[in-house]
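K.L.:
Please see the structure below; I have some questions.
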Amino acid sequence: MKILSIETSCDETAAAVIKGDGKNAPEIVSNVVVSQIDIFREYGGVIPEVAARSHLEVVLPVIHRALNDAKTSLAEIDAIAVTHTPGLLGPLLIGTLTARTLAILQKKPFYPVHHLKSHIYANWLQRENLPEFPLLALVISGGHTQIIRMTAHERFEIIGTTRDDAVGECFDKVAKILGLPYPGGPSIAKAAKEGNPAAYAFPHPKLSASLHLQTPPKNGITEGVLDFSFSGLKTAVLRSVQQELGKPVSFPSHELAPLLNSKQVADFATSFQKTAVDILLEKMAEAVRMFPDTRSICFAGGVSANEALRNAALKTFTKTKVYFPKPALSGDNGAMVGAAAYYEIISGVPPSDPYQLTLMPRSPIQ
Ligand code: KG4
Ligand code: ZN
C-alpha cells in the first residue's frame, strides 16, 4: 500500500509518500518539506494569509517532487491523506482542496487526518523500535500541549491539556522578549547551550482541579490535575527581565532585548528552558503514576525536538520506555500524516467522501 500525504496546517508545505504491507510499520519513501520560516522571520511570527498564499504557490511542486523522489506516480498511489484539522484556516484550505481534488480526479480513497494524531504517529516511522499500548503521548507544539492516552490504534483520550498558551507558543514569546529570531524554540535551545540554568528561578503553575474547563474525562481521574498553564511562565520571564534591567513593569517588552547582554540572554534562555522542561516532565510523571499500566511514553510535536527535553526525559523515565520522533520528523511534515492514515486504514477506518470535507481550525483528537 502506498499513501500520498499532504500537510499545510501552518507554515510548512509538505508532502510524502509512505508505503507499508498492512502488517508492519510504514516506511518513508519520500518526504518533502518546504518551510516558510524565511518569510516569517522578518515578521517574528506566522501571518495566516501570507502562509496560505505561499502554500498555494508551492503545494503542487512539493507533491510533484514527493512523487518523483518516490519514483512513483499518482496512478500507483493507493490512498490520499491530508491534514484537515486543527490549524490555520487559510493554510488548511490549500492542502485539503488540493488533496480532495486529486482524490476525486484519480478516484482514490481519501483520508482527512487530525494534526495531533499525525504528530503522535511520527513515532511509528522508526520501524525497528515501535511504541506499545497502553501509551501516554505528550503532544507539544506551537498550538497544543496535551497528554493523550492511547489504549490501541484509533483509541485516544485527552487526559491533560493547556488552559492557556501552548508550550511552543511560550518558547516563541520568550524568544521575542529576549530578541532571539523566529521560530523561538530552536533559537532558545541554541542560546541555552551557553547559559547557567540556575541563574533565574521561575515558578511552576499551581492549577486548581476545579478550574478545569474541558469536558471531564470519563476514566475517573480527578479532572484538571494533568492540565498545564504556560502564560504565567511567559509573564514571569518578562518581569524577571524587567527587574534585571532595573525597568518598571510598564516598560514595553519589545524594548528590552537591545538592553540585554549575551550572557543575560543565554542565562534567561536556559533558565526558562529548564523550567518549561521540568513542568512538562513533572506532569508526565504524574500521568504515569495515575496510569501504572503505561508501557510507552511518546513525545510528539515541534517542541519534542528539544535536546534538553530529550535528555531530561531519558533520565526521568527509567522504568517506562520513552520514544521520540527523529528530530527532523518532530515538526510538521507529510510522512507523519501518511503514518496516521496508514494506521487508520489498517484499523478499518473507512475513507471519507471528498465532497463532504469540513475544515475545522480547532477540534479535539478523536
Ligand atoms: O509541531 P510544530 O512544527 O507546529 C505546530 O503544529 O505548531 O511545532 C512548532 C513549535 C514552535 O513553537 C517552535 O518554536 C517549537 O515547536 N520548536 C521547539 C524546537 N523546535 C521547534 N521548541 C523547543 N525546542 C526546539 N528545539
Ligand atoms: Zn504541528
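The values are calculated or read from the model by the stated rules, or taken from the named source; none is laboratory data. Bear in mind the structure is a predicted one, so any value in this text is a computation, not a measurement. With ideal geometry, Cβ positions are generated from the backbone for all residues, glycine too; neighbour counts draw on all protein chains shown. The area values use the complete protein model at the heavy-atom level, side chains included, leaving out ligands, DNA and RNA. Shrake-Rupley method; radii C 1.70, N 1.55, O 1.52, S 1.80 Å.
K.L.:
Listed residues K173, K107; which is free of Cβ contacts under 8 Å to residues at least 40 places away in the same chain and away from ligand 2 (no atom under 15 Å from the Cβ)? Quick ask: steps written out before the conclusion?
P.N.:
Details: K173 fails: free of Cβ contacts under 8 Å to residues at least 40 places away in the same chain.
Unique residue meeting the criteria: K107.
K.L.:
Let me ask another. Which residue out of T162, T96 is more than 15 Å from ligand 2 (Cβ to nearest atom), polar (S, T, N, Q) and either open to solvent by less than 50 Å² (accessible area, probe 1.4 Å) or free of Cβ contacts under 8 Å to residues at least 12 places away in the same chain (or both)? First the steps, then the outcome.
P.N.:
Numbers: T162 fails: more than 15 Å from ligand 2 (Cβ to nearest atom).
Result: T96 is the single residue among T162, T96 that is more than 15 Å from ligand 2 (Cβ to nearest atom), polar (S, T, N, Q) and either open to solvent by less than 50 Å² (accessible area, probe 1.4 Å) or free of Cβ contacts under 8 Å to residues at least 12 places away in the same chain (or both).
K.L.:
While we're on this one: Given the structure, is D78 within 30 Å of L130 (Cβ to Cβ), open to solvent by 20 Å² or more (accessible area, probe 1.4 Å) and free of Cβ contacts under 8 Å to residues at least 24 places away in the same chain? Can you show your working first?
P.N.:
On the way: within 30 Å of L130 (Cβ to Cβ): yes; open to solvent by 20 Å² or more (accessible area, probe 1.4 Å): yes; free of Cβ contacts under 8 Å to residues at least 24 places away in the same chain: no.
Considered against the rule, which asks whether it is within 30 Å of L130 (Cβ to Cβ), open to solvent by 20 Å² or more (accessible area, probe 1.4 Å) and free of Cβ contacts under 8 Å to residues at least 24 places away in the same chain, D78 comes out as no.
K.L.:
Would you be able to tell me the number of residues in segment 273-312 that are assigned to a helix (DSSP H, G or I), in contact (Cβ under 8 Å) with a residue 40 or more places away in the chain and closer than 16 Å to M150 by Cα?
P.N.:
The qualifying residues number 4.
K.L.:
Further question: Based on what the data block shows, is S73 open to solvent by 10 Å² or more (accessible area, probe 1.4 Å), closer than 25 Å to G184 by Cβ and at pLDDT 95 or above?
P.N.:
no
K.L.:
Please go through (1) farther than 23 Å from G331 by Cβ; (2) open to solvent by 10 Å² or more (accessible area, probe 1.4 Å) for F110 and return the number of the only condition it doesn't satisfy.
P.N.:
So F110 meets the others, but not (2).
K.L.:
Still on this structure, please answer the following. What strands (runs of 3 or more DSSP E), lying completely within segment 1-58, carry at least 3 residues that are within 15 Å of ligand 1 (Cβ to nearest atom), open to solvent by 10 Å² or more (accessible area, probe 1.4 Å) and of a type outside the set (D, E)? Please lay out each step first, then the result.
P.N.:
Numbers: elements: 2-7, 12-19, 27-35.
Passing ranges, in order: 27-35.
K.L.:
Pull up segment 317-336, narrow it to residues that are in contact with a strand residue (DSSP E or B) (Cβ under 6 Å, 6 or more places away or on another chain) and away from ligand 1 (no atom under 12 Å from the Cβ), then point me to the one that is most open to solvent (accessible area, probe 1.4 Å).
P.N.:
Checked segment 317-336; the qualifying residue most open to solvent (accessible area, probe 1.4 Å) is K321.
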